[in-house]
Each structure stands twice: as structure tokens, then as C-alpha cells.
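Working notes, beginning with the structure itself.
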Amino acid sequence: MKRRLPLLAFLAALVLAPPLLPEFHITLLNYIGLYALVALGLVLLTGVGGLTSFGQAAFVGLGAYATGYLSTAHAVSPWLTLWIGLAVTAAVALVLGFLTLRLSGHYLPLGTIAWGISLYFLFGNLAFLGGHTGLTGIPALELAGFKLDTGRRFYYLIWLALLGAVLATRNLLDSRKGRAIRALKGGGLMAEAMGVDTARVKIVIFLIAALYACLSGWLYAHLQRFVNPTPFGLHIGIEYLFMAVVGGAAHVWGALVGAGVITILKQWLQDWLPQILGQ
């Protein structure tokens, strides 16, 4: 019971945060939750599986643009666009995975940089996606007749999705398949000698990480109700990886810690640097 006290205290703090904290802090917590969801996929992919990816921001963009385009241009239900976005992201991730996961050494991260940049420019140059101006008028989510049209109302959905993903990831890593995933970091040859189909396992964790990023993008689009290519560039992809590393790349809860630390530090630096440097 004592081991669970910190977790119970953390969950209680999450539940009580919206009525107690000002709007700014709720917005900060919303973004920490969204970033942590992407970083969680990188903990699985990079920290546990040993595969480096700089392109996760592109998968966030796929989820955001899928729901943004379908819900504004074709009036598709936002809840349906989630499943369409996941399907599209899965298809793209499978193609990219088969192409890039064959690479090794520094060629693998270079490959992820290449398709990350390609998807970023694709978002900005397609007219039906609004080009670099983006898409506006994305509808707010509704749940049981309750409209999630403010950050406070959206807060619980973001953190419920994140905690569900954390639980699913922990259960996966504690399973037999999870032991096969952990074996990847020790080297493909050793894992294959133990009977692990390394090519299949790599595709699976690459796909899971992409789907987590897509879910984050879908939530982001309906929180902001506006999408443009800026949040899906290479520099954001590097930032996601940095979050996973800072929090402890091999630890599931490290995704949340890393996202929190980097997001808060960025906010503090934006406030402090102009005062220190005078500009």
C-alpha cells in the first residue's frame, strides 16, 4: 500500500487541479499531457527498443490534419475522425517502418529526419489542408452532450488518454512480448538467437509509437480548434525525443516527467531571458 501512495497522491492532484488552479496552469498541464503522450511512444521505441526517431512530430501532424480536414471540409464526426486518423497513421507508419527500420547505426535517425521533414512540407504545401495558413473552425468535442470547448473541460480527456496509454504500455512491457521488445536494445543478433522475430517487433513498437503520436495530434487539434504545420516540424520532433531522454528513456513514467520538465523550463526561459538579456 505504501508503494502506491505517491501514485494515489498524484492521481488525486490531477483530479483536483482544474477547480483549484488558474487558467494558465491548466493550459500548461494540457500541453504537458499532450507532449507526454508522444514522449511515451518514444520511451517504448527509443528507450526500451533502442530505435531512434526524430520524426514523431509528423505523426502528430497526421492525427491533427486528419481530424481537421475531415471535420471541417466533410462534417465528419470528430470521434469518427479519430479512428480514420489512426488508420491513416498506421498505414503510413507501416510503409515508413518497412523502409527505414532496415537501416542501422546513424542511418536510421537520418532516415527518420528525412521523412519527418517530407511530411512537414507536405502539410504546408497541400492547398486543401490550408497550406501554411492551416485549417480553422475545427469543431469542439462533445461527450454525452457535454461540450469540451475550454481548456478546463478538455483537461480530463487529455489526462485520461495519457494514463490509459501509460497503463497499456506498462502491461505490454511486463508481458512476454515486452521481454522481446527489451531484448532489442541488447542487439538484434542476440535477440534473434533467443527466437525473437526482430523485424516484426521493431515494426510493432514503431507502429505503437506512431499511434500514440496520432492520438496526441487529434487531441491537440480539438483543443486548439486550429491546425497549421508549425507544431509538426523537425525541431519539435527533436524536442519530443529530448523529453523522453530527460525523463529517463527506459522508464514509462519518465515520459511524463520529461514532458513536464522541458515544458516548464521553456516557459521559464521565455520569461527570464528577456529580463536577463534585455531583449
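At-a-glance table
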| quantity | calculated |
| --- | --- |
| Ordering of 15-23, 228-236 by packing [mean C-beta count within 10 Å, highest first] | 228-236, 15-23 |
| Largest to smallest principal axis extent of the C-alpha atoms in the stretch 141-279, angstrom | 57, 49, 25 |
| Surface accessible to a 1.4 Å probe, Glu142 within the full protein complex, Å² | 100 |
| Heavy-atom accessible area order for Val48, Val246, Val76, largest first, 1.4 Å probe | Val246, Val76, Val48 |
| Average accessible area per residue (Å²) across the stretch 123-165 - probe 1.4 Å, nucleic acids and ligands excluded | 51 |
| Heavy atoms of Lys266 accessible to a 1.4 Å probe, total area in Å² rounded to 10 | 80 |
| Euclidean distance between Cα centres, the stretch 138-183 to the stretch 8-33, Å | 16 |
| Inter-part distance where the stretch 55-101 and the stretch 196-229 are each reduced to a Cα centre, Å | 8 |
| Residues of type aspartates and glutamates that Lys202 reaches as a straight line, Cα spacing below 19 Å, ignoring anything fewer than 8 places off in the same chain | Asp174, Glu192 |
| Kirkwood hydrodynamic radius over Cα pairs of the stretch 1-100, then Stokes diffusion coefficient at 4 °C and 1.567 mPa s, in µm²/s | 79 |
| Projected-area mean, the chain, by convex hull of Cα positions, square nanometres | 17.0 |
| Carbon + sulfur, % of accessible area of the stretch 1-80 - ligands and nucleic acids excluded, 1.4 Å | 72 |
| Largest to smallest accessible area among Arg182, Arg176 [probe 1.4 Å] | Arg176, Arg182 |
| Accessible area of Trp79 in the full protein assembly, 1.4 Å probe (Å², nearest 10) | 80 |
| The chain - mean residue ellipticity at 222 nm from DSSP helices (-39,500 (n - 2.57) per run, n ≥ 4, rounded to 500) | -24000 deg cm²/dmol |
| Sequence-distant aspartates and glutamates (8 or more away, or on other chains) whose Cα lies within less than 15 Å of Lys266 | Glu239 |
| Span-rule helices in the chain, defined as complete DSSP H runs reaching 18 Å or more along the axis (Cα) with Kyte mean at least 0.5 | 5-20, 23-42, 56-73, 78-100, 107-125, 151-173, 198-224, 234-248, 254-277 |
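The values are calculated or read from the model by the stated rules, or taken from the named source; none is laboratory data. Owing to the predicted nature of the structure, the values given are computational and were not obtained by experimental measurement. Note that each Cβ is placed from the backbone with ideal geometry, even for glycine, and that neighbours are counted across all protein chains shown. In case anyone asks, the SASA skips ligands and DNA or RNA and just uses the protein heavy atoms, side chains included. Shrake-Rupley method; radii C 1.70, N 1.55, O 1.52, S 1.80 Å.
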